[in-house]
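**Q** Okay, handing you the structure first.
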Amino acid sequence: NRWYFRGRSLLNTSIDYIVRHRGLYLFGEVARSENGALATVNGMLASLGGGLDMALCLRHLEPDYQAPMARAFTENTRAHNETGAYLGLSFRPSSLLTIEGFADLYRHPWVRYRIDAPSHGREWRVRVTLEKRRAFECFSEFRNERKWIGTASPETAGFSGLTPSGLTQVRMHLGVHLSKGVEWRMRINWARLRQEGILQRGWQFHQDVIYKPMGVPLHFSARIAWFDTDSYDVRFYNFENGMMYQFGIPAYYGRAWRGYLNLRWKGWRDLVIEGRWSATGIAKKESDSESARPASDVGLQLYWAF
């Protein structure tokens, strides 16, 4: 907490720029907090021709930079204490095929939450997508992340040493438009985590049905998912459809199943009635405090524009 802001007022100044030239787009910002610390984020978007696009983002935020409301492109939750470089590429050799990937390298010169020493990490991801509009979408994705995390050690009298953490994730997705307004989706996730010499694994599988035909007042979306992970550290985040102006990205972990059903009826004079039901059932109890009965949520929303 040494560099966190304490006080009643804070003055920040910054200057930003944008430069456009044909297929090149440059942008960036340099900021200074009241204590004299600096932060800068600079990037480039470029269309290289032949279906190849590139994105580059460089960042340097000093440990004592203070901007509680800033939302920068960082690995950190707060906008400070980080230097990094991000490179992304997108290649479309045909109208159906897209190959995308990115690599991100970063380091933290000052201590972080639960990490009592300077640390660094890197992450990269590759996705191959085969898609035809209003027909199908299929992609495979491979992600790897390696970073240093803190670990408690009795010999260091409270000081947390550093240990490497390596995470590998594989995702496969298939979506098919069965007819106009009816879509079916399937997704498989698999992960492996090696941390403090311990190997953990997990998998997750779900199917979605989305029904949105034209000219029909009733729409719905539904999901059923199964997952099994060794711990919370091998969790999977999945987007969930909700009612109007609502959505969720819960973490799937443990050994359980989860399902939800959204109903939407648009009737007389823009009157919209929506309902949502969701439930999570634990297939294997990890402790006596966990209930074997499914935990469910029910929501109802009325929306009328006039």
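The values are calculated or read from the model by the stated rules, or taken from the named source; none is laboratory data. Just so it is clear, the structure is predicted and the values come from calculations on it, not from any experiment. Here Cβ is always computed from backbone atoms with ideal geometry, including for glycine, and neighbour counts include all displayed protein chains. Note: accessible area is taken over every heavy atom of the protein model, side chains too, but ligands, DNA and RNA are not part of it. Shrake-Rupley method; radii C 1.70, N 1.55, O 1.52, S 1.80 Å.
**Q** Quick check on my filter: what residues within the stretch 54-82 are modelled with pLDDT of 95 or more and more than 12 Å from Leu38 (Cα to Cα)?
**A** Those that are modelled with pLDDT of 95 or more and more than 12 Å from Leu38 (Cα to Cα): Met54, Ala55, Leu56, Cys57, Leu58.
**Q** Next question. Considering only the stretch 1-24, how many residues are under 21 Å from Leu45 (Cβ atoms), open to solvent by less than 80 Å² (accessible area, probe 1.4 Å) and in a strand (DSSP E or B)?
**A** Within the stretch 1-24, the subset under 21 Å from Leu45 (Cβ atoms) is 14-24.
Add one more test, that the residue is open to solvent by less than 80 Å² (accessible area, probe 1.4 Å), and what stays is 14, 19, 23-24.
Filter again for in a strand (DSSP E or B), leaving 14, 19, 24.
Going through the stretch 1-24 one residue at a time, the tally reaches 3.
**Q** Ok, one more. Looking at the stretch 78-97, which of the residues that are polar (S, T, N, Q) and out of contact with any Phe, Trp or Tyr (no Cβ under 8 Å at 6 or more places or on another chain) is most open to solvent (accessible area, probe 1.4 Å)?
**A** My answer is Ser95.
**Q** Something else about it: Can you go through Leu89, Leu56, Leu130 and tell me which one is part of a strand (DSSP E or B) and over 24 Å from Leu26 (Cα atoms)?
**A** Leu130
**Q** Let me ask you something else. Where the second residue is open to solvent by less than 100 Å² (accessible area, probe 1.4 Å) and in a loop (DSSP other than H, G, I, E, B) and the first is over 30 Å from Gln66 (Cβ atoms) and free of Cβ contacts under 8 Å to residues at least 60 places away in the same chain and lies in the stretch 18-32, which pairs have Cβ atoms under 9 Å and are six or more apart or on separate chains?
**A** Correct list of pairs: empty, since none qualify.
**Q** Take residues that are over 26 Å from Leu174 (Cα atoms) and among the acidic types (Asp, Glu) and tell me which of the strands (runs of 3 or more DSSP E) falling wholly in the stretch 196-306 contain 1 or more. Even if it seems obvious, please write down each step before you answer.
**A** Working: elements: 198-211, 218-229, 255-266, 271-282, 295-304.
Because the criterion is at least 1 residues that are over 26 Å from Leu174 (Cα atoms) and among the acidic types (Asp, Glu), the strands (runs of 3 or more DSSP E) in the stretch 196-306 that meet it are 271-282, 295-304.
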